[in-house]
């Protein structure tokens with residue numbers, strides 16, 4: 001994340017009892033000390049992770065063994081904030097940085113070799129997130145250049161990219177940039193695309209369905225109508241805003257806060273029950289700044305992570321409660337996380353965890 005700001009937590013106040021859940025992250029051996037920001041679970045035991053100093057990791061057995069990949073050429077000092085994988089052999093990693101330090105590398109042989117497929121052509125640009133809807137269609141979100149957010153589209157698996165020019169992508173009054181914290185600023189739901197900014201949600205919709213023979217992809221891009229709305233998330237400083245967005249069915253969840261004040265729970269989560277048309281602040285907030293959020297369809301709950309802990313919601317983001325380590329978990333099993341692609345979570349110093357079934361307990365406490 002750079003200092004500019006913009007694009008696409010539970011403090012318990014109980015009187016007698018608080019519903020808690022024990023932390024269920026099994027810590028895995030990554031064989032790296034890199035700060036991990038990107039994680040993508042492909043399924044079938046295959047997942048890819050990425051981070052600082054050109055680090056890329058891969059597992060084919062559900063995380064039992066993480067392979068250290070070959071560093072892409074010229075990338076040993078790059079920060080891979082995003083990874084999008086397609087199978088056990090094919091993946092794209094995105095580095096975030098000013099100008100040509102924002103790059104895309106692609107592998108098709110299980111990360112033995114890499115090809116530089118795209119470099120940020122704008123010296124003032126800075127990429128924040130990458131998201132693929134299919135193996136062919138993908139998007140890159142970048143900080144504003146000339147007061148316009150950068151949105152790039154590909155329709156050939158990332159080999160070629162084109163700029164999306166829309167008046168609705170103009171930065172709000174006062175300017176700002178995006179937070180490249182967990183590669184989760186973009187949500188793609190055909191034919192809709194949503195992106196988050198410091199305190200804003202950008203939503204674009206198209207009236208054509210991409211993929212039909214009679215529809216050229218460019219025609220769909222031209223029909224996107226981007227609009228923005230202010231979300232009830234903390235945004236009163238350069239270090240505060242929306243850091244992650246996730247959607248399941250009609251529900252959308254946004255989380256964030258102030259990363260310089262990680263224990264502050266004010267303005268850390270909001271929810272929308274109608275695909276982003278109306279937003280509400282969470283009634284019970286995560287207990288600190290949160291950098292990533294995701295929905296676990298198996299356990300039917302939302303989960304959000306950050307440096308000071310993990311929280312879950314079983315009512316579509318209205319209320320959050322913390323996960324706490326059990327007697328058999330490491331004392332910090334719930335803490336120091338950056339990004340999610342369930343069941344995996346990654347963090348600083350090569351930290352990787354895998355979610356196991358959450359055992360919820362009710363802890364009776366006395367009045368404060």
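Some points to look at:
- Per-residue extension of 0.36 nm, minus the Cα-Cα distance of residue 108 and residue 250, leaves a gain of 47.6 nm for this segment.
- For the pair residue 300 and residue 162 in one chain, pulling the backbone fully straight at 0.36 nm per residue adds 45.9 nm over the alpha carbon distance.
- At an R0 of 30 angstrom, the distance between the Cβ atoms of residue 170 and residue 135 translates into a FRET efficiency of 0.45.
- Reported to the nearest whole Å, the Cα centre-to-centre distance from the stretch 23-66 to the stretch 321-360 is 13.
- Taking each residue as 0.36 nm, the span from residue 145 to residue 238 lengthens on full extension beyond its C-alpha to C-alpha distance by 31.7 nm.
- Mean residue ellipticity at 222 nm, helices only, the chain: -500 deg cm²/dmol; runs of at least 4 DSSP H residues each add -39,500 (n - 2.57), and the sum is divided by the number of residues.
- Structure-derived Cα Rg over 2.2 N^0.38 Å: which label, when the choices are (i) 1.43; (ii) 1.22; (iii) 0.94: (iii)
- Residue 327 paired with residue 283, simple spin-label distance in nm, labels 7 Å along Cα-to-beta-carbon: 3.4
- Alpha-carbon centroid distance for the pair the stretch 106-132 / the stretch 139-174, whole angstrom: 15
- With each label modelled as a point 7 angstrom along the Cα→C-beta vector, the residue 61-residue 100 pair spans 4.2 nm.
- Distance between the C-alpha centres of the stretch 278-296 and the stretch 232-260: 7 Å, rounded to the whole angstrom.
Throughout, read-outs are computed from the coordinates displayed, never taken from laboratory work. As the structure is a computational prediction, the values presented were derived from the model and not from experiment. Using ideal geometry, Cβ is built from the backbone for each residue, glycine included, and neighbour counts are taken over all protein chains shown.
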